[in-house]
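These notes are about the structure you will find just below.
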Amino acid sequence: KIPIFQMLNTTEEKLLDKAEHLAELLKERQIKYEIVDTLSQVGGGTLPALQLKSKAIKILPL
C-alpha cells in the first residue's frame, strides 16, 4: 500500500483512536492535555489547498 493513500483515507474515528492512545501515554506522565478537532493540509502537487478534518492533542499548562 502507498502510505499517502493510507493517510488520506484514515477515518476520523481512527484518528481519534490514535489520539486517545497517545493521550494515555501523556496521562501516565501526569501531563494535562485535551484532544481537539483541527484541519490538516495536504500540501503541494495536485492538492495544494485540500484540507482534511483531523485530531490534535493540545498540551495544557500545569
Q.
Name the residue that is nearest to residue 20 (Cα to Cα), counting only residues in segment 38-62 that are touching a residue at least 12 places away in the same chain (Cβ under 8 Å) and among the polar types (S, T, N, Q).
A. 54
Q) Do we have residue 22 as in a helix (DSSP H, G or I), at pLDDT 90 or above, surrounded by 12 or more Cβ atoms within 10 Å (Cβ to Cβ) and touching a strand residue (DSSP E or B) at 6+ places or on another chain (Cβ under 9 Å) here? A) yes
Q.
Out of the residues in segment 38-62 meeting the condition of being hydroxyl-bearing (Ser, Thr, Tyr) and over 15 Å from residue 13 (Cα atoms), tell me which one is surrounded by the most Cβ atoms within 10 Å (Cβ to Cβ).
A. 40
Q) Of the residues that sit in segment 38-62 and are over 14 Å from the mean Cα position of the chain (by Cα) and of a type in the set (Gly, Ala, Ser), which one is farthest from residue 4 (Cα to Cα)? A) 49
Q) If you scan segment 26-37, which residues turn out to be within 15 Å of residue 58 (Cβ to Cβ) and either more than 13 Å from the chain's Cα centre (by Cα) or surrounded by 14 or more Cβ atoms within 10 Å (Cβ to Cβ) (or both)? A) 26, 27, 31, 32, 33, 35
Q.
Can you tell me which condition residue 16 does not meet? The list is (1) surrounded by 13 or more Cβ atoms within 10 Å (Cβ to Cβ); (2) on the phi > 0 side of the Ramachandran plot, and all the others hold.
A. (2)
Q: Considering only segment 25-57, state which residues are part of a strand (DSSP E or B) and not charged (D, E, K, R).
A: 33, 35, 36, 38, 39, 40, 41, 51, 52, 54, 56, 57
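The values are calculated or read from the model by the stated rules, or taken from the named source; none is laboratory data. Here the structure is a predicted model, which is why all the values come from computation and not from measurement. Don't worry about glycine lacking a Cβ; one is built from the backbone with ideal geometry, like all the others, and counts go over all protein chains shown.
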